[in-house]
1. Could you go through region A:56-77 and let me know if any residue there is more than 18 Å from B:HIS55 (Cβ to Cβ), surrounded by fewer than 14 Cβ atoms within 10 Å (Cβ to Cβ) and within 13 Å of chain B (Cβ to nearest Cβ).
2. Any chance you could count how many residues in region B:46-56 are open to solvent by 20 Å² or more (accessible area, probe 1.4 Å) and either small (Gly, Ala, Ser) or more than 7 Å from chain A (Cβ to nearest Cβ) (or both)?
3. When you go through B:GLY99, B:GLY87, B:GLY112, B:GLY124 one by one, which is the residue that is within 23 Å of A:PHE59 (Cα to Cα) and surrounded by fewer than 16 Cβ atoms within 10 Å (Cβ to Cβ)?
4. Can you name every residue in region B:31-45 that is in contact (Cβ under 8 Å) with a residue 60 or more places away in the chain and either within 13 Å of chain A (Cβ to nearest Cβ) or under 22 Å from A:LEU108 (Cα atoms) (or both)?
5. Can you report the number of residues in region B:127-138 which are of a type outside the set (Gly, Ala, Ser), surrounded by fewer than 19 Cβ atoms within 10 Å (Cβ to Cβ) and either closer than 21 Å to B:ALA47 by Cα or touching a Ser or Thr at 6+ places or on another chain (Cβ under 7 Å) (or both)?
6. With A:ALA19, A:ALA39 as the choices, which residue is more than 29 Å from B:GLN77 (Cβ to Cβ), surrounded by 15 or more Cβ atoms within 10 Å (Cβ to Cβ), of a type in the set (Gly, Ala, Ser) and within 11 Å of chain B (Cβ to nearest Cβ)?
7. Return yes or no: is B:THR76 within 8 Å of chain A (Cβ to nearest Cβ), free of Cβ contacts under 8 Å to residues at least 24 places away in the same chain, hydroxyl-bearing (Ser, Thr, Tyr) and surrounded by fewer than 17 Cβ atoms within 10 Å (Cβ to Cβ)?
8. Can you name every residue in region A:97-113 that is in a helix (DSSP H, G or I) and surrounded by 14 or more Cβ atoms within 10 Å (Cβ to Cβ)?
Amino acid sequence: MRAALSGWRVQRISAMVLALCVSVHLVTMIIVVHGGLSAGAILGRLHGNAAWALFYAVFVLAAAAHVPVGLRRIAEEWLGWRGAGVFAVSVLIGLMLALAGLRAVYALIGGPL
Amino acid sequence: MSELDAAHNRSVAADVPRKTPGRRADARARNHPAWWAFLVHRLSGLALAIFLPMHFWALGTALHGAAAFDSFLAVTQQPAFVFAEWGLVTLLAAHLIGGVRILLIEYRPWSGLRKDLIALTAGGALVAGLAFALSLTL
């Protein structure tokens, strides 16, 4: 139970997914930033594209699982905050990140043009 | 009796928390590549975690149409934003390679300190940052 709550495994498994997603994201950013960012170019690339939708949805969910564990470690080790309350807040942060992230994915892929 | 033993006996006799001389985890213990790798990983992770909600909110402006999204993107053309963007890309690369280093250390057979992985993290982040800067400005 203690091990499960520590989030060690969650952090490592999500890290493996994120390693692939972040690699793709870094290459994408380096390519698309060339010549400046515009809504037309970004939406033209992403809008209605199911493959990018799936990629970014997985990316968002992996990040939403990964971030709360790291924040919890910092809270515990640097601030001395621990316990059920801190755990609950970190899970809430993860849920809010997932919602905000999926909303952003929807905005770019299924939103208005 | 050595000084160490004497100190030990004193702490046992007084039933106080033991303080072994010279074994504090102070700055000397921390001035090591692996500790710096830990600090960079933690601080870059914290910066990315703080950035992420703003990133999602910014992309969410596309819900109000391409014009609204474009007016946000125009704000990000300011030098301060571009510099922060470059910094975050570099930190993301550092967190990525530093994270793979941790996975390799934890999941692969043990093989020494592997400072080469720390050097790879620093070098890889530099390369990614420079590539982004080059693409941005050329």
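The values are calculated or read from the model by the stated rules, or taken from the named source; none is laboratory data. Because the structure is a prediction, the values reported are computed rather than measured. Positions of Cβ are backbone-derived with ideal geometry, glycine not excepted, and every protein chain shown enters the neighbour counts. SASA here: full protein model, heavy atoms, side chains in, ligands and nucleic acids out. Shrake-Rupley method; radii C 1.70, N 1.55, O 1.52, S 1.80 Å.
1. There is at least one residue in region A:56-77 that is more than 18 Å from B:HIS55 (Cβ to Cβ), surrounded by fewer than 14 Cβ atoms within 10 Å (Cβ to Cβ) and within 13 Å of chain B (Cβ to nearest Cβ).
2. 6
3. Criteria check complete, one pass: B:GLY87.
4. B:HIS41
5. The number of residues fulfilling the criteria is 2.
6. Result: A:ALA19 is the single residue among A:ALA19, A:ALA39 that is more than 29 Å from B:GLN77 (Cβ to Cβ), surrounded by 15 or more Cβ atoms within 10 Å (Cβ to Cβ), of a type in the set (Gly, Ala, Ser) and within 11 Å of chain B (Cβ to nearest Cβ).
7. On the way: within 8 Å of chain A (Cβ to nearest Cβ): yes; free of Cβ contacts under 8 Å to residues at least 24 places away in the same chain: yes; hydroxyl-bearing (Ser, Thr, Tyr): yes; surrounded by fewer than 17 Cβ atoms within 10 Å (Cβ to Cβ): yes.
So B:THR76 fits the description; yes.
8. Step one: list which residues in region A:97-113 are in a helix (DSSP H, G or I), which gives A:97-109.
Answer for region A:97-113, where residues must be in a helix (DSSP H, G or I) and surrounded by 14 or more Cβ atoms within 10 Å (Cβ to Cβ): A:LEU97, A:ALA98, A:ALA100, A:GLY101, A:LEU102, A:ARG103, A:ALA104, A:VAL105, A:TYR106, A:ALA107, A:LEU108, A:ILE109.
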